[in-house]
2 protein chains.
Amino acid sequence: MALAEHACSRESAVAARIDSAPCNACPVRSMSVCSALEVDELKRLADILVSVKVDAGHTLFAEGDGADTLFNVTAGTMKLYKLLPDGRRQITGFLLPGDFLGLSINDTYAYSAESVTPATLCRFPRRRLEGLLEDYPKMQRRLFAMASSELAAAQDQMLLLGRKNAKERIASFLLMLSERAKRRGYAENPVHVPMSRSDIADYLGLTTETVSRTFTQLKTSRVISLLEGGKVRLNDLEILQELAEGA
Amino acid sequence: MALAEHACSRESAVAARIDSAPCNACPVRSMSVCSALEVDELKRLADILVSVKVDAGHTLFAEGDGADTLFNVTAGTMKLYKLLPDGRRQITGFLLPGDFLGLSINDTYAYSAESVTPATLCRFPRRRLEGLLEDYPKMQRRLFAMASSELAAAQDQMLLLGRKNAKERIASFLLMLSERAKRRGYAENPVHVPMSRSDIADYLGLTTETVSRTFTQLKTSRVISLLEGGKVRLNDLEILQELAEGA
DNA sequence: ATCGTGCCTTGATCTAGATCAAAGCGAGAG
DNA sequence: CTCTCGCTTTGATCTAGATCAAGGCACGAT
């Protein structure tokens, strides 16, 4: 029996305590921290989590907020970003189902989190999840592995932001989206690109205009095709790969 | 009794099995993974590590090499970097004593590691360290905390690379170095800047010329002073902070 | 001492991408 | 059906920082 409530400090979100055997049927179980746990252990996880549904454009939390909840994306796409005082924005990552968010060193979030599409997430009280990590070292290890691969992705992104030109950035971005979709079992070619030009720009350190022009260039040179509903067909993976590395 | 040997596949490095009670006296014990262990537990760590000394400019390992060793910096400064096929380089981080390197998701390094100054490191066989992590969950947790804070630093760096201008980048860089030095108990103001202009450029996504000009500008406006031996005095932290955030 | 060989700095010019400006275009509201 | 409003595309111009080009300076080797 699900009960609706107001979930977050910001705007409205619908939260529902999971009825029964929740995690077992979870579509992202195999992708996330949960994959570290056995069926019976999952019960303890289910006990501390609440499922949250949000509309597109919902701010889950903002940089500097007290970081007492962690989340796991189960459906939809989220974006994480940082702002400079004058409003310049850097999106540090897009999250897909299975991704974790909310980790922080001190006790405040180091970035803001907002949904790109309608999304659902599992919400965990930080303290209680930490308790679980103490009891289940394999879960701790799994979380460490996830953080490590995020770190590797962050280093790739530094190379992109520091040294690649606009075309290389867009090519890399499309390949990355396609690769991630594939590993989660979604369509990898036509790849779904749900975020706006302006989000892409803020992720790649460009402007909307440059992103738009570069998409047009790639389309004109037949390397990609822009389809309906935010889908992009990658017509020549090989060329795209070369473009991405500037070879 | 120390025995010298050739350590790495690349160039020569001097490795020495530690004689006795090694970690106890280690200058960076409190800063690194080791801080998670008690004196008696440290013995097991000491058993699997070898101390390595390298000259400045020594390549410890290269991107793509088999990642079967991990390192902990005990003295000196290291740099990690990624290369594009045409030689463009992005330095993804500078490591100070206490920092860990060598983590990888698959079994190859995702970046190259080279010493900026003469350095000493502890070298661990990956398998055996992983064994230790299984036995000591608190060490696992400590490593996770270190990875998390590296991740947070990487996100800051994305903001810098994606959205800050040259002056903001240099100001941020100097403040970051000073802050890190402070937390490790080194001099924070005149701050030691051991890396070349070209390394700084490749870390900040600029060219040597721009780095040099920007240092000159900051010097001319009396915000910093360039001292002997790669030291930089930060004359006005407040202004520097404002410059860094573009306020 | 003198010579090189790498840095580092400074100057002149160029350019990729930003900025400024103005149409298209499309989905939801009325 | 038509009107908006927000997003996207395209065009014209501008500029921060890259690139090209000399010198200057310091330190190790001869």
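None of the figures in this text is laboratory data; all of them are computed from the coordinates on show. Note that the structure is a prediction, hence the values are computed from the model and not measured. Positions of Cβ are backbone-derived with ideal geometry, glycine not excepted, and every protein chain shown enters the neighbour counts.
Give the range B:105-143 a look and list any residue that's closer than 27 Å to B:D40 by Cα, at the interface with another protein chain (Cβ under 7 Å from one of its Cβ atoms) and buried (at least 21 other Cβ atoms within 10 Å of the Cβ), or say none. Across the range B:105-143, the qualifying residues are B:Q140, B:L143.
Here is the figure for the range A:73-104: residues that are in contact (Cβ under 8 Å) with a residue 40 or more places away in the chain and more than 12 Å from chain B (Cβ to nearest Cβ) total 12. Which residues, taken from the range A:24-66, are more than 30 Å from A:L84 (Cβ to Cβ), hydroxyl-bearing (S, T, Y) and in a strand (DSSP E or B)? Answer for the range A:24-66, where residues must be more than 30 Å from A:L84 (Cβ to Cβ), hydroxyl-bearing (S, T, Y) and in a strand (DSSP E or B): just A:S51.
Among the residues making up the range A:196-220, those that are of a type in the set (S, T, N, Q), under 21 Å from A:S112 (Cβ atoms) and near DNA strand C (Cβ under 10 Å from one of its atoms) are A:T207, A:T208. Look at the range A:209-232: where a residue is over 20 Å from A:T77 (Cα atoms) and a partner is within 13 Å of DNA strand C (Cβ to nearest atom) and assigned to a strand (DSSP E or B), sitting 6+ places away or on another chain with Cβ atoms under 8 Å, you get A:F215/A:L226; A:K219/A:L226.
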